[in-house]
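Novice: My questions will all concern the structure given below.
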Amino acid sequence: MTFAIQAEGLEKRFGETQALAGVSLTAQAGTVLGVLGPNGAGKTTMTRILATLIEPTGGTAHVGGYDVVREAHKVRQLIGLTGQYAGVDEMLTGTENLILIGRLLGLPRRAARARAAELLDRFQLSDAAERAAKTYSGGMRRRLDLAASLVGRPQILFLDEPTTGLDPRSRNGLWDIVRGLTDDGVTVLLTTQYLEEADQLADDIIVIDRGQVIAHGTSDVLKAQVGGQVLEVRPIDQPDLDAVAKIVGDLAGAVPEVRDGLISTPITDPQLMPAVVRRLDEAGITVGELSLRKSSLDEVFFALTGHHTDDIDAEADELAQSTRQKATDKEGASA
Amino acid sequence: MTTATFAPQDLSKRVAPATAARNILTLAWRNLVQIKHNPMELLDLSIQPIMFVLLFSYVFGPAMEGSVDAYLPIVIPGIIAQNALFAGMSTGFGLNTDITKGVFDRFRSLPIARSAPLLGRIIADTAKQAWSMLILLSVGFAIGFRLETNVLALLTAFALLLTFAILFSWTSVLIAMKVNEPEKVQIFGFVVIFPLSFLSTAFIKSTEGIPGPVAWVMDNSPVTHLVEAMRGLLVGGPVLEHALIALAWGVGICLVFAPLSLRAFKKRA
């Protein structure tokens with residue numbers, strides 16, 4: 001059995017920094033593997049290794065059955081890559097950008113032009129086809145970038161945070177495109193900071209943090225693990241707080257968090273909400289706020305790692321500072 | 001659950017030489033077609049040389065050699081050399097833009113020759129260099145400069161200048177790999193190339209009267225040798241020794257800067 005993407009113990013070290021500390025993953029052909037993690041988790045480094053842009057300092061990876069280091073040229077014939085920064089030539093028109101890629105992939109001039117027109121049409125860029133890409137909006141640029149990565153009809157597609165910085169409408173448009181791709185049998189590896197995005201698109205999700213896989217499973221499995229949704233109740237009268245907390249706690253089967261007059265608890269069963277409403281009604285308690293929302297990435301992280309995503313940046317800063325301090329100390333000692 | 005297996009596919013093991021050549025030409029085309037959408041670049045390649053020729057000839061000519069006509073045989077080859085050094089910075093500028101914008105990553109994820117993005121740019125930049133030299137010579141001819149040798153010598157002058165420019169442009173490639181903004185390549189280039197081109201005989205007949213150490217630097221500058229060889233080829237005079245020394249400098253620069261650039265690039269990627 002061969003996976004479309006398979007990595008074992010991938011490591012990457014940049015000087016002092018361990019960007020990847022042994023990442024293993026697999027993606028079945030024709031599925032979307034979501035790689036979820038905060039900034040600096042190692043998502044981009046991992047993508048760049050799998051897309052043959054950099055070599056790992058440890059571990060192995062196979063894409064389409066080929067080793068990304070020893071058989072990089074073969075891997076490149078199977079993949080498409082859309083990076084965090086749209087890799088389009090801003091000076092060229094949409095058409096020229098796609099013709100350029102087509103020609104580089106060995107298409108004859110006429111075929112490259114036809115393929116460009118076809119992709120521009122598919123991504124609703126036909127009207128802007130003859131305009132320089134620098135005049136495109138952010139969403140249009142991403143679509144052109146994605147189109148560029150599809151010129152060669154890749155079997156495996158790497159999308160590195162394809163919707164970061166996009167407005168909700170453009171994001172939904174891009175999601176539709178990704179869904180369409182898997183219908184064609186393309187395997188997609190998608191990195192994202194958004195739980196919702198992984199939830200919407202991915203068949204399988206791995207969560208990475210500080211260069212390591214900390215959770216792995218389908219969206220449902222992960223949600224069950226961390227609580228897919230959060231129920232929040234705010235009683236109008238402060239004295240009702242304890243009574244409400246008891247009702248919510250009874251139904252959810254866990255002690256809820258009470259903070260600033262707001263009671264919140266992670267839940268996995270959406271049917272819980274009507275039950276809570278009934279019990280509150282029976283008890284004659286009026287609530288000012290009652291909501292069911294999806295867990296944020298931060299909550300998922302907190303549940304999985306016990307630290308908030310913000311801590312990561314803070315700790316990274318601290319680490320950098322202590323490294324600098326050490327360097328200064330060393331200089332001091334040698335002087 | 002279905003498990004798709006990747007059947008052995010008909011994939012090539014490496015880039016064939018013919019494919020590599022085509023990749024390079026495609027990328028050279030890409031760098032030249034940009035001009036169509038950014039006519040400013042063409043102006044930049046044309047206006048600055050024209051301005052330099054006119055300003056130097058009419059402002060400094062009479063003071064230097066008594067007349068504009070007498071100064072032209074000195075200054076035209078000099079400006080051609082200086083312009084080539086400045087234009088060489090555009091190689092680094094373009095590379096840095098590609099890297100910071102992610103275009104380079106896209107190219108490197110394609111099954112194309114590894115050297116194609118760089119060589120494609122160098123070829124396009126060489127074409128731009130040739131264009132600038134043509135403009136410079138044309139303006140020179142318009143105001144009285146005359147070729148005193150022959151067409152073969154003129155073609156040799158083009159070949160020498162372009163070869164030196166390609167070798168020298170490796171300095172800007174290294175800078176491009178080290179800095180994080182394209183503009184910094186230009187600033188750095190200006191700071192280095194401005195003194196480098198003036199500390200030569202590009203705008204003067206000889207270093208006579210210039211204080212000893214400064215004159216020594218000027219006499220041994222690769223730019224001086226390039227300029228002297230260009231003068232010899234365009235208006236007559238010794239060529240071979242100057243040309244060989246200039247090319248030796250160029251090869252030396254390339255041998256030092258190319259490996260450093262590749263190392264810097266690997267570190268950066």
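Novice: For the range A:1-51, list the strands (runs of 3 or more DSSP E) that sit wholly inside it and hold at least 1 residues that are more than 30 Å from A:G180 (Cβ to Cβ), among the polar types (S, T, N, Q) and free of Cβ contacts under 8 Å to residues at least 12 places away in the same chain; which are they?
Specialist: Result: A:17-27.
Novice: Could you check B:S12 against (1) assigned to a helix (DSSP H, G or I); (2) within 9 Å of chain A (Cβ to nearest Cβ); (3) touching a residue at least 40 places away in the same chain (Cβ under 8 Å) and say which number it fails?
Specialist: Result: B:S12 passes all but (1).
Novice: Of the numbered conditions (1) charged (D, E, K, R); (2) without any contact (Cβ under 8 Å) to a residue 60 or more places away in the chain; (3) surrounded by 22 or more Cβ atoms within 10 Å (Cβ to Cβ), B:E41 fails exactly one; give the number of that condition.
Specialist: (3)
Novice: Here's a follow-up. So, A:R153, is that one away from every other protein chain (no Cβ under 12 Å), farther than 27 Å from B:N23 by Cα and either touching a helix residue (DSSP H, G or I) at 6+ places or on another chain (Cβ under 6 Å) or not β-branched (V, I, T) (or both) or not?
Specialist: Answer is no for this residue.
Novice: What is the residue count in the range A:138-160 for residues that are modelled with pLDDT under 90 and either outside any helix (DSSP H, G or I) or farther than 23 Å from B:D105 by Cα (or both)?
Specialist: Qualifying residue count, the range A:138-160: 0.
Novice: Please go through the range B:98-150 and give me each residue that is part of a helix (DSSP H, G or I), small (G, A, S) and within 14 Å of another protein chain (Cβ to nearest Cβ), ordered by number.
Specialist: B:A116, B:G120, B:A124
Novice: Additional query: Quick one: which of A:R103, A:R13 is under 26 Å from B:F265 (Cβ atoms), at pLDDT below 95 and charged (D, E, K, R)?
Specialist: Only one candidate qualifies: A:R13.
Novice: Among the residues of the range A:83-112, write down those that are farther than 24 Å from A:A132 by Cβ and at the interface with chain B (Cβ under 10 Å from one of its Cβ atoms).
Specialist: A:G106 - this is the single residue of the range A:83-112 that is farther than 24 Å from A:A132 by Cβ and at the interface with chain B (Cβ under 10 Å from one of its Cβ atoms).
Novice: Return the residue satisfying two criteria in turn: it lies in the range A:67-82 and is part of a loop (DSSP other than H, G, I, E, B) and surrounded by fewer than 24 Cβ atoms within 10 Å (Cβ to Cβ), and of such residues it is nearest to the other protein chains (Cβ to nearest Cβ).
Specialist: For the range A:67-82, the residue satisfying everything is A:Q77.
Novice: Another question, if that's okay. Restricting the first residue to the range A:202-225 and requiring it to be assigned to a helix (DSSP H, G or I), which pairs with a second residue that is among the acidic types (D, E) meet a Cβ separation below 6 Å and a spacing of at least six or different chains?
Specialist: A:S219/A:D199
Novice: A further question on this structure: List the pairs whose first member sits in the range B:120-148 and is within 22 Å of B:M89 (Cβ to Cβ), whose second member is assigned to a helix (DSSP H, G or I) and of a type in the set (F, W, Y), and whose Cβ atoms are under 6 Å apart, counting only residues at least 6 apart or on separate chains?
Specialist: none
Novice: May I ask you to list the residues in the range A:137-184 that are buried (at least 21 other Cβ atoms within 10 Å of the Cβ) and among the hydroxyl-bearing types (S, T, Y)?
Specialist: The answer is A:S149, A:T163.
Novice: Assess whether A:R115 counts as being more than 9 Å from every other protein chain (Cβ to nearest Cβ), surrounded by fewer than 20 Cβ atoms within 10 Å (Cβ to Cβ), more than 25 Å from A:M46 (Cα to Cα) and of a type in the set (K, R).
Specialist: No: the conditions fail for A:R115.
Novice: Does A:L50 qualify as being out of contact with any Phe, Trp or Tyr (no Cβ under 7 Å at 6 or more places or on another chain), buried (at least 23 other Cβ atoms within 10 Å of the Cβ) and more than 9 Å from chain B (Cβ to nearest Cβ)?
Specialist: no
Novice: Condition first: of a type in the set (S, T, Y), within 27 Å of B:I175 (Cβ to Cβ), in a helix (DSSP H, G or I) and more than 14 Å from chain A (Cβ to nearest Cβ). Can you find one or more residues in the range B:44-61 that meet it?
Specialist: Checking the range B:44-61: at least one residue is of a type in the set (S, T, Y), within 27 Å of B:I175 (Cβ to Cβ), in a helix (DSSP H, G or I) and more than 14 Å from chain A (Cβ to nearest Cβ).
Novice: Also, I was wondering about something else. Run B:K36 past the list (1) under 19 Å from A:G102 (Cα atoms); (2) facing another protein chain (nearest Cβ under 10 Å); (3) surrounded by fewer than 18 Cβ atoms within 10 Å (Cβ to Cβ) and report the number of the one that doesn't hold.
Specialist: All conditions are met except number (1).
Novice: Counting only residues that are among the hydrophobic types (A, V, I, L, M, F, W, C), touching a helix residue (DSSP H, G or I) at 6+ places or on another chain (Cβ under 8 Å) and touching a residue at least 12 places away in the same chain (Cβ under 8 Å), give me the helices (runs of 4 or more DSSP H) lying completely in the range B:163-269 with at least 3 of them.
Specialist: Per the criteria, B:170-178, B:182-198, B:222-235, B:240-268.
Novice: Check off (1) touching a strand residue (DSSP E or B) at 6+ places or on another chain (Cβ under 8 Å); (2) closer than 30 Å to A:Q18 by Cα for A:A252 and give me the number that stays unchecked.
Specialist: (2)
The values are calculated or read from the model by the stated rules, or taken from the named source; none is laboratory data. Predicted model only: the values in this text are computed from it and were never measured. Methodologically, a virtual Cβ is constructed for each residue, glycine included, from the backbone with ideal geometry; neighbour enumeration extends over all protein chains shown.
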